[in-house]
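**Student:** Input: one structure, supplied below.
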Amino acid sequence: MEATISSLEKWGYILLFFYSLGGGYVGLITAAIMSTLDKMDLYIVIVVSGVGNFVGSTMLAFLARYQKKEITSFLSKHKRKLALAQIWTRKYGSWLIIFCKYLYGIKTIVPLSIGMMNFNLKKFSFVNAIACVIWAIVVGLLGYYASGMVVKILESVDAHSYLIPLVFLALGIGFYLLLKRISQKARKTL
């Protein structure tokens, strides 16, 4: 375990950059947790993930603009998603670029659809830079402070560690019952 943490301390920022090229929620939150444990610097984590996310989104838009034929054939199964993203881009404009960072499954499609449209790529790059800064700060700080609270809770629960499996069992049963209820409602509506 120590070897893994040591290698993450050494190579963590490079890994975070490459992971952030494609979204990077998990990488950013993991790095924020490492910052809570004083293994990484939170400010560097936020900057690296923001730059990585900016480079990744911008590359997708430029790739879609200048390699449209290849991208279209690659995304032939996702024509409806691309059409919906183009409709949303026309309707919401720059706001979609900012909010798509938080919507899983759309954060990759929106830059691709913007690249395929006649959307100004300079404007996209500017708004994307602002969106990436906001995304990195919000997700990084949330991960940092949430992990700090979890560490404090675990330290206080350490005296009653025998209750942890019971709590996880109760959460699992509650989650199962919730999914069962939702699936029953879905079957009734079909």
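**Student:** Take the residues of the stretch 8-46 that are under 12 Å from the mean Cα position of the chain (by Cα) and of a type in the set (Gly, Ala, Ser): which is surrounded by the fewest Cβ atoms within 10 Å (Cβ to Cβ)?
**Tutor:** Selected residue: Gly22.
**Student:** Restricting to the stretch 122-151, name every residue that is surrounded by 15 or more Cβ atoms within 10 Å (Cβ to Cβ), among the hydrophobic types (A, V, I, L, M, F, W, C) and over 17 Å from Ser49 (Cα atoms).
**Tutor:** Listed by number, the list holds a single entry, Phe124.
**Student:** Would you be able to say whether some residue in the stretch 83-94 is outside any helix (DSSP H, G or I) and either of a type in the set (Lys, Arg) or surrounded by fewer than 16 Cβ atoms within 10 Å (Cβ to Cβ) (or both)?
**Tutor:** Checked the stretch 83-94: at least one residue is outside any helix (DSSP H, G or I) and either of a type in the set (Lys, Arg) or surrounded by fewer than 16 Cβ atoms within 10 Å (Cβ to Cβ) (or both).
**Student:** Moving to a separate point now. Please determine, by comparing only the residues of the stretch 95-107 that are surrounded by 15 or more Cβ atoms within 10 Å (Cβ to Cβ) and either over 18 Å from the mean Cα position of the chain (by Cα) or not basic (Lys, Arg) (or both), which one is modelled with the lowest pLDDT.
**Tutor:** Ranking the qualifying residues of the stretch 95-107, first place goes to Ile106.
**Student:** Would you mind stating whether Gly174 is assigned to a helix (DSSP H, G or I) and surrounded by 14 or more Cβ atoms within 10 Å (Cβ to Cβ)?
**Tutor:** On the way: assigned to a helix (DSSP H, G or I): yes; surrounded by 14 or more Cβ atoms within 10 Å (Cβ to Cβ): no.
It is false that Gly174 is assigned to a helix (DSSP H, G or I) and surrounded by 14 or more Cβ atoms within 10 Å (Cβ to Cβ).
**Student:** Looking at the stretch 40-58, is at least one residue without any contact (Cβ under 8 Å) to a residue 60 or more places away in the chain and at positive phi?
**Tutor:** Taking every residue of the stretch 40-58 in turn, none turns out to be without any contact (Cβ under 8 Å) to a residue 60 or more places away in the chain and at positive phi.
**Student:** For the stretch 35-46, give me each residue that is in a helix (DSSP H, G or I) and out of contact with any Asp or Glu (no Cβ under 8 Å at 6 or more places or on another chain).
**Tutor:** Those that are in a helix (DSSP H, G or I) and out of contact with any Asp or Glu (no Cβ under 8 Å at 6 or more places or on another chain): Thr36, Leu42, Tyr43, Ile44, Val45, Ile46.
**Student:** Is it the case, given these coordinates, that Ser49 is of a type in the set (Gly, Ala, Ser), surrounded by fewer than 18 Cβ atoms within 10 Å (Cβ to Cβ) and either assigned to a helix (DSSP H, G or I) or modelled with pLDDT of 85 or more (or both)?
**Tutor:** no
**Student:** Out of Gly27, Gly12, Gly56, I need the residue that is assigned to a helix (DSSP H, G or I) and farther than 30 Å from Met116 by Cβ. Which one?
**Tutor:** Within the list Gly27, Gly12, Gly56, the selection yields Gly12.
**Student:** Residues of the stretch 126-159 being over 23 Å from Gly27 (Cα atoms) and hydroxyl-bearing (Ser, Thr, Tyr), which ones?
**Tutor:** Correct list: Ser156 only.
**Student:** Please work out which one of (1) among the polar types (S, T, N, Q); (2) assigned to a helix (DSSP H, G or I); (3) over 30 Å from Leu37 (Cβ atoms) is the condition Asn118 fails and give its number.
**Tutor:** Exception for Asn118: condition (2).
The values are calculated or read from the model by the stated rules, or taken from the named source; none is laboratory data. Because the structure is a prediction, the values reported are computed rather than measured. Don't worry about glycine lacking a Cβ; one is built from the backbone with ideal geometry, like all the others, and counts go over all protein chains shown.
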